[in-house]
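Below is one structure, written out as structure tokens; the observations come after it.
The values are calculated or read from the model by the stated rules, or taken from the named source; none is laboratory data. Small disclaimer: the values here were computed from a predicted structure and weren't measured. In this analysis, Cβ positions are derived from the backbone assuming ideal geometry, glycine residues included, and neighbour counts consider all displayed protein chains.
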Ligand code: PMT
């Protein structure tokens, strides 16, 4: 079909939150529902790509025609992404990966006490940054979820993580970010240009991102 602009391309998408265990009954996580990442996986499939979706825990069904791998922690996500990275042409890191995890995971449920309880957190691996260092031919798209200074942080992530594009959303804007069916994003590119999109359904945001990626890849040939 004529809209199969990504035919023959292998696209790796990550979506959803991660869960970082504290004990057998508790974890740290965030508000990501997976909607944005699943929309990207479905749009890439509809554009003719072979899609692998690596998803943290969500309540969304696995999209038809997409190889979906369910993971839990940042470490699980990292390992599965690395297994598929070398084969991929386009990698889109939509997942809201935890930056920290409990340093000590209790084998048994932690019992409550009278005193305050302090949890020590340690850094998780930065998957996007690792990919930025290792990439060869892959087109690498990162997201930036910000609450302030969106442009500055997005441009910083583009450079520091060696991404080819950053999709920035201001997650405190009405209709944007976590949980909503819509998003408001700006695409920041390596050549210093940016493209601001209006409020759109996540399915449409996904198509716009992929059209832009396609345009950039074509420009490389
Ligand atoms: O899932 P929804 O409810 O639809 O919500 C969508 C969304 C708000 C989660 C999505 O639009 C979004 O912004 N995703 C990125 C969330 C995020 O973790 O942003 P960040 O600015 O903290 O991270 C920057 C980039 O680094 C992201 O591409 C992230 O996947 C990546 N990262 C972060 C930490 C880490 N340890 N490894 C990573 O690869």
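Just one of (1) under 16 Å from residue 209 (Cβ atoms); (2) without any contact (Cβ under 8 Å) to a residue 12 or more places away in the chain trips up residue 152, so point out which.
(1)
Counting only residues that are in contact with a strand residue (DSSP E or B) (Cβ under 9 Å, 6 or more places away or on another chain) and not in a loop (DSSP other than H, G, I, E, B), which one in region 160-176 is nearest to the ligand (Cβ to nearest atom)?
This residue is 169.
Pairs only if they're at least six apart or on different chains, beta carbon under 9 angstrom, first in region 82-99 and within 12 Å of residue 126 (Cα to Cα) and without any contact (Cβ under 8 Å) to a residue 60 or more places away in the chain, second near the ligand (Cβ under 6 Å from one of its atoms) and in a loop (DSSP other than H, G, I, E, B); list them, first residue then second.
99/124; 99/126
From the list 179, 192, exactly one residue is within 10 Å of the ligand (Cβ to nearest atom) and either out of contact with any strand residue (DSSP E or B) (no Cβ under 7 Å at 6 or more places or on another chain) or over 26 Å from residue 48 (Cα atoms) (or both). Which is it? Even if it seems obvious, please write down each step before you answer.
On the way: 192 fails: within 10 Å of the ligand (Cβ to nearest atom).
Of 179, 192, the one residue that is within 10 Å of the ligand (Cβ to nearest atom) and either out of contact with any strand residue (DSSP E or B) (no Cβ under 7 Å at 6 or more places or on another chain) or over 26 Å from residue 48 (Cα atoms) (or both) is 179.
In region 206-214, is there at least one residue being more than 21 Å from residue 42 (Cα to Cα), at pLDDT 95 or above and in contact with a strand residue (DSSP E or B) (Cβ under 9 Å, 6 or more places away or on another chain)?
Filtering region 206-214 for residues more than 21 Å from residue 42 (Cα to Cα) gives none.
No, because not a single residue in region 206-214 is more than 21 Å from residue 42 (Cα to Cα), at pLDDT 95 or above and in contact with a strand residue (DSSP E or B) (Cβ under 9 Å, 6 or more places away or on another chain).
Of (1) more than 13 Å from the ligand (Cβ to nearest atom); (2) assigned to a helix (DSSP H, G or I), residue 155 satisfies all except one. Which?
Every condition holds for residue 155 apart from (1).
Go through region 71-141 and tell me which strands (runs of 3 or more DSSP E), entirely inside it, have 1 or more residues that are out of contact with any strand residue (DSSP E or B) (no Cβ under 9 Å at 6 or more places or on another chain) and at pLDDT below 95.
In region 71-141, there are no strands (runs of 3 or more DSSP E) which contain 1 or more residues that are out of contact with any strand residue (DSSP E or B) (no Cβ under 9 Å at 6 or more places or on another chain) and at pLDDT below 95.
Name the single residue, out of those in region 25-45 being within 12 Å of the ligand (Cβ to nearest atom) and over 12 Å from the mean Cα position of the chain (by Cα), that is farthest from residue 176 (Cα to Cα).
29
Is it the case that some residue within region 192-210 is in a loop (DSSP other than H, G, I, E, B) and either without any contact (Cβ under 8 Å) to a residue 12 or more places away in the chain or within 21 Å of residue 97 (Cα to Cα) (or both)?
Among the residues of region 192-210, at least one is in a loop (DSSP other than H, G, I, E, B) and either without any contact (Cβ under 8 Å) to a residue 12 or more places away in the chain or within 21 Å of residue 97 (Cα to Cα) (or both), which makes the answer yes.
Any chance region 123-137 includes a residue that's closer than 27 Å to residue 4 by Cβ, surrounded by 15 or more Cβ atoms within 10 Å (Cβ to Cβ), touching a residue at least 24 places away in the same chain (Cβ under 8 Å) and more than 10 Å from the ligand (Cβ to nearest atom)? First the steps, then the outcome.
If we filter region 123-137 for residues that are closer than 27 Å to residue 4 by Cβ, which is where we start, we get 131, 135-137.
Going one step further and asking which of them are surrounded by 15 or more Cβ atoms within 10 Å (Cβ to Cβ), we end up with 131, 135.
Within this subset, residues satisfying the condition of being touching a residue at least 24 places away in the same chain (Cβ under 8 Å) are 131, 135.
Going one step further and asking which of them are more than 10 Å from the ligand (Cβ to nearest atom), we end up with 135.
Looking through region 123-137, at least one residue is closer than 27 Å to residue 4 by Cβ, surrounded by 15 or more Cβ atoms within 10 Å (Cβ to Cβ), touching a residue at least 24 places away in the same chain (Cβ under 8 Å) and more than 10 Å from the ligand (Cβ to nearest atom).
Of all residues in region 52-62, how many are more than 14 Å from the chain's Cα centre (by Cα) and either surrounded by 19 or more Cβ atoms within 10 Å (Cβ to Cβ) or within 12 Å of the ligand (Cβ to nearest atom) (or both)?
Within region 52-62, residues that are more than 14 Å from the chain's Cα centre (by Cα) and either surrounded by 19 or more Cβ atoms within 10 Å (Cβ to Cβ) or within 12 Å of the ligand (Cβ to nearest atom) (or both) number 2.
Return the total of residues in region 174-190 being under 15 Å from residue 141 (Cβ atoms) and loosely packed, with under 15 Cβ neighbours inside 10 Å. If you could, list the steps in order and put the result at the bottom.
Start the filter on region 174-190 by keeping residues that are under 15 Å from residue 141 (Cβ atoms), which leaves 183, 185-190.
Filter once more, so that each one left must be loosely packed, with under 15 Cβ neighbours inside 10 Å: 190.
Residues meeting the conditions: 1.
Of the conditions (1) touching a strand residue (DSSP E or B) at 6+ places or on another chain (Cβ under 7 Å); (2) crowded, with 24+ Cβ neighbours inside 10 Å, residue 43 clears all except one; give me its number.
The failed condition is (1).
Filter region 63-77 down to the residues that are over 15 Å from the mean Cα position of the chain (by Cα) and farther than 13 Å from residue 203 by Cβ, then identify the one that is nearest to the ligand (Cβ to nearest atom).
66
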